[in-house]
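These notes concern the structure reproduced below.
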Amino acid sequence: MRETQGSVDCRTDIVSQKIYVFSYLFISYVIIVNMFSAVVLDSYSQFMKLHEMDLTDENFASFYQVWKQFDQGETHFIECDQLSRLFDKLDPPLQIPKPNRCAIALMNIGICKGTE
């Protein structure tokens, strides 16, 4: 601040205050807009990934047909050693071609013993 004949000149402080406030508002606006656009683009990306992997009714019908080959008694259970062949016989996108033991192990499929 400068003093001129007993009074204080605040013009320089007002100008610097205005510059500070406008720069703060501008930077805050840019950050918020960038965050908003990042969230929108991320949501769109996730939607597109899910949309690419959509399963159709034909995929489910094909799965049921292949499952019937392995579960002829219609018990809703199959033996663990049949899982590899089951996944190999399915049509894409459900198919996991052989060798598929590691991929099946990573699926964390529930295993039941006997009638449990």
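The values are calculated or read from the model by the stated rules, or taken from the named source; none is laboratory data. Nothing here was measured: the structure is a model prediction, and the numbers come from that model. Please note: Cβ atoms are built from the backbone with ideal geometry, for glycine as well, and neighbour counts cover all protein chains shown.
Could you please let me know if L83 is assigned to a loop (DSSP other than H, G, I, E, B) and of a type in the set (A, V, I, L, M)?
On the way: assigned to a loop (DSSP other than H, G, I, E, B): no; of a type in the set (A, V, I, L, M): yes.
So L83 does not fit the description; no.
Which one of I31, I78, I27 is surrounded by 10 or more Cβ atoms within 10 Å (Cβ to Cβ) and in the same structural domain as C102 (by TED's automatic domain parsing)?
Testing whether each residue is surrounded by 10 or more Cβ atoms within 10 Å (Cβ to Cβ) and in the same structural domain as C102 (by TED's automatic domain parsing) leaves just I78.
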